[in-house]
Amino acid sequence: MDRRLFLGAGVAGATALTISSVWSQSAPNLGAPSLPTTGFRRLKVGAMEVIALNDGALRRPLGEEFVRNVPLEQVKALLAAQSLPTDYVDIPFTPFLVVNGNTRFLIDTGFADNGPPTTGKLAANLAAAGYRPEDIDHVIISHYHGDHINGLRKKDGSLMFPKAKVHVPAPEHAFWFDDAKMNAAPPAARGGFENARRVIGSLPAEQLVKFEPGAEVAPGIRAEAAFGHTPGMSVFNIGSEGQNFFYVADVTNVPSLFARSPDWAVTFDMDPEMARQTRRRIFDRLAKDKTVAGGFHFPFPAFGTMEVTAAPGALQLAGSGYQFKPMA
């Protein structure tokens, strides 16, 4: 499949992230995902504080379509080797709040009240951590998939974070607001473009701030290109007083699959080969530097380190992978 067709398939897969009913396709016998009893976790990074905030989780049946380039039996074997269920995957959603003095930056948003019943927990966990939506000064967006941007607005269309400037990656914005790309996309894939325009396009001009990869979005918060999952996704390094935290966004959606076997392609990666290269580049560096990292879909509390590892047991995979080691 050439890159143009793969891109079309990726847009279609990404559209699932804008429509909550698609995420609610769990069969009744699969049950519901477990949510953390305490939905926030603090981490000191020099003079800054980073707070993981759980927005809930969804249980997705595991089918042939989830991993594009290997048989389902191999996917199940990798899960079984880690003593994980093999008929579904639980996908948590974790925005991160960065507190720098009196300024507060929320990275990605979750669903607000727009998602399925097991999501939309951000506001309650933000309150438990001692903050209100009105306290957020800036929202930084990694990419335009619905689970990362839909929480900017409540179901009634009002702004969830009314005082916040919204910082977005310029290449990501350019893609989703390109009329030619939207018109060329398959009909089923246009929902992603329409959703970006609904959520982002109606923001007041003075509230929307575009940044380029490599830019310092704010003191101590630097963006880095992480293209592949979407055309313009950014990840972020938060640094203060010689300490660092690295937010990987959706470099991997399910660490037990796509970190352990980084050459596998999840259905949501819009350019699978570029996403694969990005995964290896970023995870190699995190493992080498032993940097504390967090991901939007990592198991809560979503803080930990990446380690180079071989495939578990006798399962044979091509090349080495990585294992996410959660912080205690």
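Contact map, the range 270-286: first residue assigned to a helix (DSSP H, G or I), second residue of a type in the set (Asp, Glu) and buried (at least 24 other Cβ atoms within 10 Å of the Cβ), Cβ cut-off under 6 Å, separation 6 or more or different chains; pairs are 275/269. In the set 237, 183, which member is among the polar types (S, T, N, Q) and under 21 Å from residue 137 (Cα atoms)? Of the residues listed, the single one that is among the polar types (S, T, N, Q) and under 21 Å from residue 137 (Cα atoms) is 237. Residue 54 meets each of the listed conditions (1) surrounded by fewer than 17 Cβ atoms within 10 Å (Cβ to Cβ); (2) modelled with pLDDT of 95 or more apart from (1). The set of residues in the range 69-83 being closer than 28 Å to residue 117 by Cα and part of a loop (DSSP other than H, G, I, E, B) consists of 83 alone.
Looking across 112, 124, one residue alone is farther than 14 Å from residue 32 by Cβ and either more than 18 Å from the chain's Cα centre (by Cα) or of a type in the set (D, E, K, R) (or both). It is 124.
Residues that are closer than 26 Å to residue 48 by Cβ and acidic (Asp, Glu) were ranked within the range 175-225; the one that is surrounded by the most Cβ atoms within 10 Å (Cβ to Cβ) is 224. Once the range 240-254 is narrowed to residues that are at negative phi and not β-branched (Val, Ile, Thr), the residue that is surrounded by the fewest Cβ atoms within 10 Å (Cβ to Cβ) is 243.
Residues that are touching a residue at least 40 places away in the same chain (Cβ under 8 Å) and either within 17 Å of residue 229 (Cα to Cα) or not in a helix (DSSP H, G or I) (or both) within the range 169-189 comprise 169, 170, 171, 172, 173, 174, 175, 185, 186, 189, listed in sequence order. Within the range 289-306, none of the residues are in a helix (DSSP H, G or I), among the basic types (Lys, Arg) and over 14 Å from the mean Cα position of the chain (by Cα). Only a single criterion out of (1) over 23 Å from residue 51 (Cα atoms); (2) out of contact with any strand residue (DSSP E or B) (no Cβ under 7 Å at 6 or more places or on another chain) is not satisfied by residue 261, namely (2). Could you grab me the full set of residues in the range 38-68 that are of a type in the set (Gly, Ala, Ser) and either assigned to a strand (DSSP E or B) or touching a Cys at 6+ places or on another chain (Cβ under 9 Å) (or both)? Of everything in the range 38-68, those that are of a type in the set (Gly, Ala, Ser) and either assigned to a strand (DSSP E or B) or touching a Cys at 6+ places or on another chain (Cβ under 9 Å) (or both) turn out to be 52, 56, 57.
Here residue 310 meets the list (1) at pLDDT below 95; (2) surrounded by 21 or more Cβ atoms within 10 Å (Cβ to Cβ) almost entirely, failing just condition (2). Condition first: in a loop (DSSP other than H, G, I, E, B), in contact with a strand residue (DSSP E or B) (Cβ under 7 Å, 6 or more places away or on another chain) and in contact (Cβ under 8 Å) with a residue 60 or more places away in the chain. Now tell me which residues in the range 84-113 satisfy that. Answer for the range 84-113, where residues must be in a loop (DSSP other than H, G, I, E, B), in contact with a strand residue (DSSP E or B) (Cβ under 7 Å, 6 or more places away or on another chain) and in contact (Cβ under 8 Å) with a residue 60 or more places away in the chain: 93, 94, 95, 111. Every residue in the range 54-99 that is among the hydrophobic types (A, V, I, L, M, F, W, C), within 14 Å of residue 297 (Cβ to Cβ) and touching a helix residue (DSSP H, G or I) at 6+ places or on another chain (Cβ under 9 Å), please. Matches in the range 54-99: 58, 66, 89, 91, 93.
Say we look at the range 233-245 and pick out the residues that are more than 13 Å from the chain's Cα centre (by Cα) and of a type in the set (A, V, I, L, M, F, W, C); which of these is nearest to residue 105 (Cα to Cα)? Spell out how you get there, then give the answer.
At the first step, the residues of the range 233-245 found to be more than 13 Å from the chain's Cα centre (by Cα) are 237-245.
If we keep only those that are of a type in the set (A, V, I, L, M, F, W, C) as well, we get 238, 245.
Details: 238: 11, 245: 14 Å.
Only one residue tops the list, namely 238.
The values are calculated or read from the model by the stated rules, or taken from the named source; none is laboratory data. Everything quoted here is computed from the prediction, not taken from an experiment. Positions of Cβ are backbone-derived with ideal geometry, glycine not excepted, and every protein chain shown enters the neighbour counts.
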